Structures are given as structure tokens and as C-alpha cells.
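Step one of this worksheet: look at the structure below.
The values are calculated or read from the model by the stated rules, or taken from the named source; none is laboratory data. On a predicted model such as this, the values are computed, not experimentally measured, just so you know. Here the Cβ is made from the backbone with ideal geometry for all residues, glycine too, and neighbour counts use every protein chain on show. These area figures cover heavy atoms from the full protein model, side chains too; ligands, DNA and RNA do not enter into them. Shrake-Rupley method; radii C 1.70, N 1.55, O 1.52, S 1.80 Å.
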Amino acid sequence: MNEPLLKLTNTSKMYPGVQALKDVDFDLNHGEVHFLLGENGAGKSTLMKILSGSVTKDSGKIFLNGNEIDIESPQDSVKKGIAMVYQELSLFPNLSVAENIHAGMLPIKSYSKLVNWTEINSRTKAIMNEIGLDVSPNTLVADLGIGARQLVEIGKAMSRKAKVLLLDEPTSALSTHEIEKLYLIISELLKKGIGIIYVSHKLSEIPRIAHRVTVLRDGHKISTLQAEQVSEAELIRMMVGREVNEKYPKEKVQIGKTLLKVSGLNLGNRVKNAEFEVKEGEIVGIFGLMGSGRTSLARSLFGLENKASGKISLNGHSLQIKNTGDAIKEGLGYITEERKMGLVLRMSIAYNITFPILKKILRFGMIDHKAERKIALNFVDKLHIITPHIQRLVESLSGGNQQKVALARWMCCGSKVLIMDEPTRGIDVGAKVSVYKLLGQMAKEGAGIILISSELLEILGLSDRVLVMSKGELVAAFTREEANPDTIMAYAAGALAFEGSI
Amino acid sequence: MSKPVTTNFSILDIIKERKSSFKNLAGPLLGMFILVFLISIATPFFMSSANLLNVGRQAATNIILAAGMTLVIFTGGIDLSVGSVMALAASVAVVLITHFGINVWLGVLICILVGAACGLINGLVITKGRVPDFIATLGMMSLARGLALLVTEGMAVPSFAIAVREMPEEIIALGAGHLLGIPAPFFISLVVILITWFVSQNTRTGRYFFAVGGNKEAARVSGINVEKTKLTAYILSGLFAGVAGIVLAGRLNSANAHMGVGAELNAIASVVMGGANLFGGEGALGGTLIGGITIAILNNGLNLMAVSAFWQEVAMGIVVVAVVVFDQWRRHRFSEKK
């Protein structure tokens, strides 16, 4: 078995405006966990997507057990024995465990062509044994916890006789106990010769389960190393590439009086009793793993969740948090986690920028198109949004430029406090740095910024203060000087108990 | 990579920017011209000015309904009730005028208000009651038709057994008169299209229609009151159904509960043939106008060719779908080239 299970050579992928992967070589052995490491946008997801068939590579070759293969579609990938376990789970919550595990390939009886339930149940039980899931096959997935769902995903891959398993941040939403269980199952799978490509931001997982580590940066492969030979510091340096200061430009800003004061903010069990402040010129980083409630917190603040309750005051005015219009009027701005949730992609750049300020550019009750053009052009210029003209649809822009449009919107309506949820997800390094610079500039002009991110380095690099969110609660707070990656990670993962006040 | 724009802009930029919106009308226009060409070969009488004016008259109510429908479709909704609401509004108004003898213009106002009220109810049920657009307006479609039957007791009004006066001249003029040589109803429909176009392009609410239909969640994040926007679209759709009702009553010289059966489908077809996206966020009133005229041309042409009414329905269905298939294909090609 000298031939690697899976091998990629010279693989490249170009998206409009972004070189997502450039001549990457990668291989995976039988019974190995190969850890894939990199910042957001480094090319990890692109690599996974190529293997799982949801995007096609531009160039390069893929070998499975020494034979060259083409992966044309997700179905094709599954047929060839490659299974992706999605981070954002791809299960049907309204169907049972058995139906989910066999989704798309329910066994049928040979004559009647009806679903063969006896067979499904017996197969499901066998698989559930293998993955250590102890519920009835008829349980609805909606009734399972997130850890059990992850196992069902893995079960789904097993039912497809997968040889290569792609795990994307499998532990990001799991408790310590569930993680241990997952590791156990992984080691069982490895014994059967299955190879696992493991994507995670948690460096601490490497010594626990990885055999080798590959670091990607800006679409290039930096290095592949034996897991026991590398230190975390070395890996971070390889991921970031340049000096951290240069990557995360941090302006010296005078921090002023309190702008935003939040207390007793609740939203079901997604946000529990959140309490914090944001001052003029301050960047407050909120770090949390997937499912920690960080996006719910942002949405509650901005009046998008009508079940949210709590006290929010901005500049001393208390805010009706059930209404987005009021939040904006009082000077809040919100940049959504997914750009398509905040921008109307099929409308023009100009229109997307001016939505919240249309009221201010009315003449005799009608939109003053000239004023609108002027404002839009001004911001396109100021933020260096690259486009031939301002009537271009936002969907035709690159991710970085789309994000600048979102920023321009809130800059032009003079937002005092800007909530940014994963502002640099899926945009390339150059664009990231310019987004960071704009953040710094806004802070300098006296705005307060809430930076929500799952990118720890980003949080550490830019924040004046770091809050950590876990299971709906703000569990810890650090000043810029105190903040250190290990402690923050531990709090975020729920390993450390609530301590002190925030 | 293209160069960044500069703050100095010229008229040329504006033309460049606007070009894309004209491009979207190319498909519907082409469809209409092909149809005109084919029909005028088959029956030369089609191109006579008397007949063309007739086409305009026939197109009018559909265009008025389609204008309101366009706004609703911009927001990503659909209004199945417009045909019934038109019948109800006209019935109420004509009964009040001819049986109870109220002032004609008060009657016209009531007609429009009844339409708007139905639209308001649709909008409230959809936004406050969280009922899908399709279901809410389907309910109104049946409800309004039933009310119209009750109001008219199932008869054409004015029914001369009990009416105190005949259909007033003013209303007949709205449906059958002329203004500057153009049939009055067509003139009214053009005014309606012009107003809706102006609203959609130059007012905040107009801009919001597109935003809500393009991406409801993003609209909300941008501070747009999504519910209020949808409500406005439905009110306008109902209001225009009222306008169409009085015009149609004038043209028919009477109102009855069975006016405009199936009118909602013609209105939707006109909007979609005009290039609007049924899922919301895209389209133009100019396209709707072309769509409405195209449908009238088709009906008129088939009539001139003495095609049976049954076959006309079949032909209508085929042409509507064919135009949209063509348009989808054209857009798909265009977007791939981009």
C-alpha cells in the first residue's frame, strides 16, 4: 500500500478576481488524518469543494488509489468513495435518522418498487453501531443534538462506503465530551483504512488526531509537515505569512466615551443575558465558535429578532430593539455574516449604498437621482470599489468589493456603532487588509465597532477588547494585552467555567 | 480588471448605465413585432387604423390590472384576486349609481376605494396574518366574486326592472369614448402605466418594491419596512383593479358579477411576457405595457382570422409560455457571456 489513497497534483482554481488555489499538491494515505490548516480564504474550502464535486478544478490531476479520476459532480464524488461531512449540516431535520443516512439512495423492493423499510432499519442499525450513535433509527433528526447530528452525517458517509472522508470543522459546535467521542470514532474509521482530510481552526486538535499537517495560504501550499514535529507558533507564522502587524493594521485611536450600552439582552436560549459596552473609537471583538450565538446576538442588537428582549442604549437614548429602522436612525449599522443576506445582489451598487438614506435625498417627495449618483460615486471613489460604473449589479463584484459596498452604506448614513459579523469571510488577503484599514479609519473618526469573528487571529489583531461567547453567553472578557489564543479558545469551547464579571 | 470610476461623470455614463434596462425590453418587443408581422400577413385588415385603435381599447383593462400586478410581482408576491376585485368594485359602484342614484363621480371614487380596500385586506392578511400571498389572494378571489354576486343578485346592472336611472354618459365615455382620437380606456391605461412607472423609478416606496422582492432579508437589514412595502403594493393593485372595473363597466355599458373571470391570468401573463421575474426584484412597467398589448394583438388577430374561441385559449397558453421560454433562454445566454 505504498500508493497514497488520494493524491492531487498541481491543482488550481480561479474565481472571478480571486486565485483560490494555485498549483497545490496534496496527498492522503490510508488510515491517516491529514490536517488542513489556513486562514479563511486560504483555499481550504475550495480544495474540499473540488474533492466533493461542488466546484470543478481549472487544472491539475486527482488520483484515487493511483488511478486518475475526474470529479464532475457531488454525486460523482460520492460514487467514487469521497464523502463530505458538512460544517453547516446538510441533513433533513424533518426526516428520521434512517432516512437521512440513506437519503438519495433508499433501498427499494425489487418488484413493488416500494421503499424497503426492513432493510433500511437493519442497515441503519449496523451503521449506528459503527458510529456509536445510540438512538432509534426512527428518531427525527430535529430531535437530536448537534453532536449526534454530526454523527449522523458521518453515518451517511459510511452508508455510501466512503474511502475518503472530508471533515469541515467537525468539532466547532461540539462539547468536550462529544469531541472525545468523535475522536474515538475517527480512530475506529482509520483502522479500516479510511483516510480523513480534517479542516479545523483549532490548532490544539493537531497533536490529538493528526498525522500530517498541510498549511495553505492565499491559495498556495506553504508546507506539509509531520504533526509531531511542528509547534503552534510555527504553524501560525506559516498561516499568516507576513508580520501580524502588517496583516492586521491597528491604528492608535483615542478611546472616548461610551456609545453603546447593552444589558440583559436575551433571545431564547441563543443569547442569554448579554451585557457589554462599546466606546467611541473602540473595536470590541466578539469571538465565538459556530452555534455559540454570535450571529443571534448581532441580529438581536439590530432589531431583526422580534423575540429578543433587553436594554440597549446608544448615546444615552434607549433603543426600541424590535425595529431595524429605528436602530439605523439611532446610528447602528450591521454587516451580515453572509453578504447575500445584507445586500440585494441583483440591484446596483448605488441603490445598495443609498437604501437607508433615501429619506435624506428626496426632492418634492421624489428620489433626487443626481444626489444619489454623487453620493454613490463619492463612496465608490473613497473606498476604491472596483467597477466600471455605479449601476453595475452588486452580484457582478468580487467578494471584497461587495463588502466595501456594505461598508459604504453604513459610512454614508453616518453609523455610530457598526456591527460586523465575519466581515472578511471569503474575500482575498488584499481585500481583507483594506477592509481592516477601513475599520481602523472608522474607529479613528469616532465610531464604535463590534467585530464578530470565528477567526481568532483577526480578533486578536484588531480588537481593543475581546469578549468570548459560548452557548449563548458572554463567558469572558479580555483587554488587548491580556488576550491570548489558548485561553480564548478554551473559553469558547466551553472548557473553562464562567469566571468573574464582564 | 476595469478601472475605478471617477467622480466626474458625463451624459455618456448615464447612457451606458441605462442601456442595460433597455436591453431587457428587447425580448418582449421582438416577440410583439414577430406577432404583428405574422398576423398582418394573415389578415391585412389588422393594420388598419380602426382595428389598431380597437386593439388599444381591448388591451386597456388588462394593462391597468397588469400595472398593479407588476408592482406586486416586483415585491415577490402575486395577486390572484384582481379579476374578482374588478367585478366587485364595478358592481358596487354601478348598483349605487343606477339603483340608488348617487352622484356619478362619487360612484367612481367608491369603485376605486372598494378596490383599494380589497387590496388592503389582501396585504394585511399576508403581512400580519403571515398567510402566503398565493393563498390570501386566492381567498379574496372567491370572496370578492361572491360579494359581487350578492350585490348584483346575479344580474347585469343596471337591471331595468329596478334601476332608477341608466348607465350615466360619463361612465360610458370612460369605457367607450375617445380623447385626441385615442380610445379613452387605452388613454387611461397609458396614464396608469406612466404613473406606476414614475412611482417605481422615483419614489422610495418604488425602490423598496424592488429591494423587498430582490431579497427580503437584505431589505430588512437595510432598514426597509418590508411589511409596509408589501402592503402598499397590494393596495395599489386593488386600487387599479377598481380603476379597471369602472373602465370595463363603461365599455360594456353595464356591470355584472362575471366580469373579468380569468383576468388575473392575463395580467400575470402580461407582466411575465414583459420580462419581469416572477420571483420578484426585476422587471419594468414598459415591459408590462408591451406584454399587455401583445396579448390584445394576439386575441384580436385570432378573432380576425375567425379562429374559434376554444382554439384561442389554446393559442394563448402556448404563446405566453413560448415567449417566456424564449426570454429565459435569451437571459441565460446573456448572463453566461457576462
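Things to note:
- Theoretical FRET efficiency, 1/(1+(r/R0)^6), r = Cβ-Cβ of residue A:90 and residue B:150, R0 30 Å, to 0.05: 0.05
- Size descriptors for the stretch A:97-153, from the alpha-carbon set: Rg then Dmax equal 11.8, 38 Å.
- Helix B:11-42 vs. chain B, principal-axis angle (Cα, 0 to 90°, nearest 10): 50
- Think of each Lys and Arg Cβ as +1 and each Asp and Glu Cβ as -1; about the Cα centre, that makes the dipole of the stretch A:289-404 roughly 180 debye.
- Subtracting the Cα-Cα distance of residue A:63 and residue A:112 from 0.36 nm times their residue separation leaves 13.6 nm of extension gain.
- Listed by chain and number, the lysines placed with their C-alpha closer than 16 angstrom to that of residue A:156 are A:79, A:80, A:125; residues fewer than eight positions away on the same chain are left out.
- Straight-line reach from residue A:374: taking Cα to Cα under 17 Å and skipping same-chain neighbours fewer than 8 places apart, the aspartates and glutamates in range are B:13, B:17.
- Between residue A:31 and A:193, A:194, A:195, the built amide H atoms are under 5 Å apart, and every one of these is 5 or more places off in sequence or on another chain.
- Ordering of A:126-135, B:174-183 by burial proxy (mean other Cβ atoms within 10 Å per residue, highest first): A:126-135, B:174-183
- Here the protein assembly as shown is assigned +1 on the Cβ of each Lys and Arg and -1 on the Cβ of each Asp and Glu. Its dipole about the Cα centre then comes out at about 1240 debye.
- Peptide A:343-356 is shielded by partner chain Cβ atoms: per residue, an average of 5 of them sit within 10 Å of its Cβ.
- Rounded if a/c under 1.5, otherwise prolate or oblate - chain B, Cα gyration tensor axes: oblate
- FRET efficiency estimate (nearest 0.05) - Cβ-Cβ, residue A:322 to residue A:275, R0 25 angstrom: 0.80
- Taken along the Cα-to-beta-carbon direction at a fixed 7 Å, the label points for residue B:191 and residue A:220 span 7.0 nm.
- Of A:111, A:183, A:198, the order by accessible heavy-atom surface (1.4 Å probe, DNA, RNA and ligands excluded), from most exposed downward, is A:111, A:183, A:198.
- Placed amide H near residue B:274: partners under 5 Å, 5+ positions off or other chain: B:291
- Rough spin-label spacing in nm, given labels placed 7 Å along Cα→Cβ, for residue B:321 and residue A:340: 2.9
- Solvent-accessible area assigned to carbon and sulfur over the stretch A:121-170 amounts to 50 percent, based on a 1.4 Å probe.
- For the residues of B:276-283, the average number of beta carbons from a partner chain within 10 Å of their own beta carbon is 1.
- Rounded to whole numbers, the Karplus 3J(HN,Hα) couplings from phi for the stretch A:199-207 are 9, 7, 8, 8, 5, 5, 6, 4, x Hz, using 6.51 cos²θ - 1.76 cosθ + 1.60 with θ = phi - 60°, and x at Gly and Pro.
- Three-way shape call for the protein assembly as shown based on the alpha-carbon gyration tensor, with the a/c threshold at 1.5: prolate
- Hits among lysines - C-alpha to C-alpha of residue B:228 under 28 Å, sequence gap 8 or more where chains match: A:307, A:311, A:322, A:329, A:340, A:359, A:360, A:370, A:416, B:128, B:216
- With at most 14 other Cβ atoms within 10 Å, longest stretch of chain B clear of loop chymotrypsin sites (Phe, Trp or Tyr not before Pro) (DSSP): B:161-278
- Electrostatic dipole magnitude of the stretch A:49-133 [Cβ: Lys, Arg +1; Asp, Glu -1; Cα centre; debye, to 20]: 240
- Residue (of B:52, A:231, B:214) at the positive-pole extreme of the protein assembly as shown, dipole from beta-carbon charges: B:52
- Top positive-direction residue, dipole computed over chain A with Cβ charges, set A:394, A:110, A:56: A:394
- Cα-projected label distance for residue A:232 with residue A:255, points at 7 Å along beta-carbon direction, nm: 2.4
- Long-range HN-HN contacts of residue A:43 with modeled amide H, under 5 Å: A:219
- Model label zone, residue A:54; criterion: amide N under 19 Å from point 7 Å along Cα-to-beta-carbon; scope the stretch A:277-314: A:290-291
- In sequence order, the stretch A:419-431 has phi-based couplings of 9, 10, 9, 6, x, 10, 5, x, 10, 7, 4, x, 5 Hz under the Karplus curve 6.51 cos²θ - 1.76 cosθ + 1.60, θ = phi - 60°, and Gly or Pro positions carry x.
- Average beta-carbon neighbours from other chains, 10 Å sphere, peptide A:385-391: 5
- Estimated at the nearest 10 Å², the accessible area of residue B:205 is 50 Å² with a 1.4 Å probe.
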